[in-house]
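> Before I ask anything, here is the structure I am working with.
The values are calculated or read from the model by the stated rules, or taken from the named source; none is laboratory data. Please read these numbers as outputs of a predicted model, since none were measured by experiment. Positions of Cβ are backbone-derived with ideal geometry, glycine not excepted, and every protein chain shown enters the neighbour counts.
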Amino acid sequence: MTGLREWVDDLASPDGGRRAAAGVRLYSAGRELVEELFAKWNEEPQFAVLVAGDPIVGVAVPPDLFARIRQESDVPLCDVPDEQSTAEFELKTDAGLLDVLTPVDGAGAIQAFLDRFGPGIQQVELPVNDVRAATAIVTGRFGLSSVYPEPREGANGTRVNFFLAEKPGGGKVLIELFEAKR
């Protein structure tokens with residue numbers, strides 16, 4: 001994606017206008033990755049009623065950039081289970097939410113993503129009312145395999161599961177279905 005790395009870097013800009021523009025561009029680019037897929041999933045009425053809000057775009061960054069973005073944004077950290085080796089916070093943009101993610105100990109899925117691809121859009125998250133039911137529909141109706149056989153604990157007490165899906169034009173995109181804490 002043209003400009004993707006620049007947009008990620010601009011999230012830490014001291015210029016509020018650049019930060020805002022970068023957030024909108026990253027959010028829009030993430031939404032574009034899943035637009036066709038989510039439209040198809042939402043044609044299934046049993047799935048559509050489970051969707052609980054707009055997608056969130058997950059952006060992976062190295063720890064130094066994470067600290068600079070957070071300093072410029074002044075937002076609290078999420079409570080992430082230790083086994084995920086990840087720190088994160090949500091960043092509101094004029095287009096929607098970004099979930100800014102970084103590895104905490106040089107291990108885990110976010111570190112693996114950064115090692116392979118560098119900073120950028122790592123996942124798109126979709127809030128659902130029942131992650132177990134949504135997972136069953138995505139696996140049964142759409143033939144995607146979930147990363148975990150059962151939902152697991154996510155940030156801030158959510159329950160999550162993941163899918164690796166084909167994206168338009170080739171390649172794959174990681175989708176996180178998450179259910180807010182009840």
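> Can you name every residue in the range 1-31 that is under 18 Å from the mean Cα position of the chain (by Cα) and free of Cβ contacts under 8 Å to residues at least 24 places away in the same chain?
Trp7, Ala22, Arg25
> Looking only at the range 71-91, filter to residues that are within 18 Å of Val24 (Cα to Cα) and either of a type in the set (S, T, N, Q) or modelled with pLDDT of 95 or more (or both); which one of those is farthest from the chain's Cα centre (by Cα)?
Ser73
> Here's something else I'd like to know. Can you pull out every residue in the range 57-72 that is in contact (Cβ under 8 Å) with a residue 60 or more places away in the chain and either in contact with a strand residue (DSSP E or B) (Cβ under 6 Å, 6 or more places away or on another chain) or within 23 Å of Val34 (Cβ to Cβ) (or both)? Break it down into steps so the answer makes sense when it comes.
Here is the first cut: in the range 57-72, the residues in contact (Cβ under 8 Å) with a residue 60 or more places away in the chain are 57-60, 72.
Hits for the range 57-72 are Val57, Gly58, Val59, Ala60.
> So in the range 6-57, with the set limited to residues that are of a type in the set (S, T, N, Q) and part of a helix (DSSP H, G or I), which one is surrounded by the fewest Cβ atoms within 10 Å (Cβ to Cβ)?
Of all residues in the range 6-57, those of a type in the set (S, T, N, Q) come to 13, 28, 42, 46.
Now drop any that are not part of a helix (DSSP H, G or I), which leaves 28, 42, 46.
Numbers: Ser28: 14, Asn42: 14, Gln46: 11.
Among them, the one singled out is Gln46.
> Only one of Ile175, Ile137, Ile110 is over 20 Å from Val51 (Cβ atoms) and touching a residue at least 12 places away in the same chain (Cβ under 8 Å); which? Full working, then the answer.
Values: Ile175 fails: over 20 Å from Val51 (Cβ atoms); Ile137 fails: over 20 Å from Val51 (Cβ atoms).
Being over 20 Å from Val51 (Cβ atoms) and touching a residue at least 12 places away in the same chain (Cβ under 8 Å) holds for just one of Ile175, Ile137, Ile110, which is Ile110.
> Still on this model: Failed condition for Ile137, given (1) part of a helix (DSSP H, G or I); (2) under 29 Å from Val24 (Cβ atoms), with all others met?
(2)
> If you check Leu101 against the conditions, is it touching a Ser or Thr at 6+ places or on another chain (Cβ under 8 Å), under 17 Å from Val173 (Cβ atoms) and of a type outside the set (Phe, Trp, Tyr)? Lay out the reasoning, then the answer.
Details: touching a Ser or Thr at 6+ places or on another chain (Cβ under 8 Å): yes; under 17 Å from Val173 (Cβ atoms): yes; of a type outside the set (Phe, Trp, Tyr): yes.
Yes: the conditions hold for Leu101.
> Residues that are surrounded by fewer than 20 Cβ atoms within 10 Å (Cβ to Cβ) and under 20 Å from Ala180 (Cβ atoms): does the range 120-130 have at least one? First the steps, then the outcome.
So in the range 120-130, the residues surrounded by fewer than 20 Cβ atoms within 10 Å (Cβ to Cβ) come out as 120, 129-130.
Right, trim to under 20 Å from Ala180 (Cβ atoms) and you get 129-130.
Yes, the range 120-130 contains a residue that is surrounded by fewer than 20 Cβ atoms within 10 Å (Cβ to Cβ) and under 20 Å from Ala180 (Cβ atoms).
> I've got another one for you. With the requirement that a residue be outside any loop (DSSP other than H, G, I, E, B), surrounded by fewer than 16 Cβ atoms within 10 Å (Cβ to Cβ) and of a type outside the set (A, V, I, L, M), what does the range 146-164 give you? I'd like the intermediate steps shown before the answer.
From the range 146-164, those outside any loop (DSSP other than H, G, I, E, B) are 146, 152-153, 155-157, 159-164; that's our starting set.
Right, trim to surrounded by fewer than 16 Cβ atoms within 10 Å (Cβ to Cβ) and you get 153, 156-157, 164.
Glu153, Asn156, Gly157, listed by residue number.
> Restricting attention to the range 129-173, report how many residues are closer than 14 Å to Val34 by Cα and of a type in the set (Asp, Glu).
Final tally of qualifying residues: 1.
> Looking only at the range 165-175, count every residue that is outside any loop (DSSP other than H, G, I, E, B) and either modelled with pLDDT under 95 or under 10 Å from Thr135 (Cα atoms) (or both) and tell me the total.
Residues flagged as outside any loop (DSSP other than H, G, I, E, B) and either modelled with pLDDT under 95 or under 10 Å from Thr135 (Cα atoms) (or both) within the range 165-175 amount to 4.
> When you scan the range 74-90, how many residues do you find that are not polar (S, T, N, Q) and not in a loop (DSSP other than H, G, I, E, B)? Write out each step before concluding.
Kept after step one, since they are not polar (S, T, N, Q), are these residues of the range 74-90: 74-83, 87-90.
Now narrow it down to the ones that are not in a loop (DSSP other than H, G, I, E, B): 82-83, 87-90.
Number satisfying all stated conditions: 6.
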